[in-house]
Each structure stands twice: as C-alpha cells, then as structure tokens.
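Accompanying notes for the structure given below.
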Amino acid sequence: RRAAKQGHAEAVERMKEMRRCAWCGAEDAPRKCFCCLESRYCNSTCSSNHWAQGRGELDAPHKQTCSGLHVSPAGGQLDVSLERPAATVAALVAQLEKAKNAETEAAKVGATKAEAAKAKAAEAEAEAEKAKAAEA
C-alpha cells in the first residue's frame, strides 16, 4: 500500500488487481467475501455468481476455494452449502450452541474445583485456629 501511494507502477497495478471484482473484473469493488475477506465483488449478484459457479475454466466456485470456510470455533469441520441455506444456518447455529455449552460446562467444572479448593483452605484454617485455641 505504501509503495502504491509513493507511485510505484507495479504496486499500483497490484493494488488495482486486488480491488477488482472476482466475478466481473470491474475495478474498485467495494464488497468483500464475508468469510475470507479476500475476494472482492461489485454487488451481491457478483458474489452469489462467483460463489456458486466460479468463472468457468478460469476459476473454481469460491465455495470450494474460500479460505475462511470449513473451520468452526470449536475446531471441527463445517459443511457449508448454498443449495439448502436454511439447513446450513440451522447446522451452524447448532454447532455454535454445542461449542458454547461445552465452554459453559468447562467453566462450571473450573468453578467447582476453585470452590472446593477454597472450602478445603477454610477447613485447614479452622483446624489451625482450633489447634491454637487448644494450646492456649
């Protein structure tokens, strides 16, 4: 970017190339793929077409090459498909809920262990006080 601002021809050309619509090739495409933030598009029509069809022999469909897909927050694999978007959304929500529940359970176990350690320390303190009182 800095080189492009300084007027280096190669850098300027590379920046133009990076900002081209992945579907129609128009310059200065304002939208990005919401998953990988790498592919750029003029509008939602270009995005949908590139996602589903690619550019023929030049390019595979973006849903097969998108670097932002296929990894869930929990580290598992996602099956993303535009053929059944409602089912895909439901599956993603279910996976996110499962991950959230797992995190909640882990936090509860951690809290329970911390509470048990506090109780044990309090018991030891009470025993020490009893021993001091018995000595006095």
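Laboratory data are not the source of any read-out in this text; all were calculated from the coordinates shown. This is a predicted model, so every value here is computed, not measured. Heads up, the Cβs are rebuilt from the backbone with ideal geometry, glycines too, and the neighbour counts pull from every protein chain shown.
Of note:
- Stretchable slack from F34 to A119, in nm (0.36 nm times residue separation minus alpha-carbon distance): 25.7 nm
- Across segment 3-64, Cα-Cα distances exceeding 17 Å account for 41% of all pairs.
- Ranking A121, A106, L96 by Cα position along the charge dipole of segment 84-135, where only Lys, Arg, Asp and Glu carry charges on their C-beta atoms, puts L96 farthest toward the positive end.
- Largest first and in whole Å, the equivalent-ellipsoid semi-axes of segment 84-135 read 50, 4, 4, each the square root of five times a Cα gyration tensor eigenvalue.
- Point-charge dipole on Cβ atoms (K/R +1, D/E -1) for segment 84-135, about Cα centre, debye to 20: 400
- Inter-site label distance for E127 and A91 at 7 Å from Cα along Cβ, in nm: 5.5
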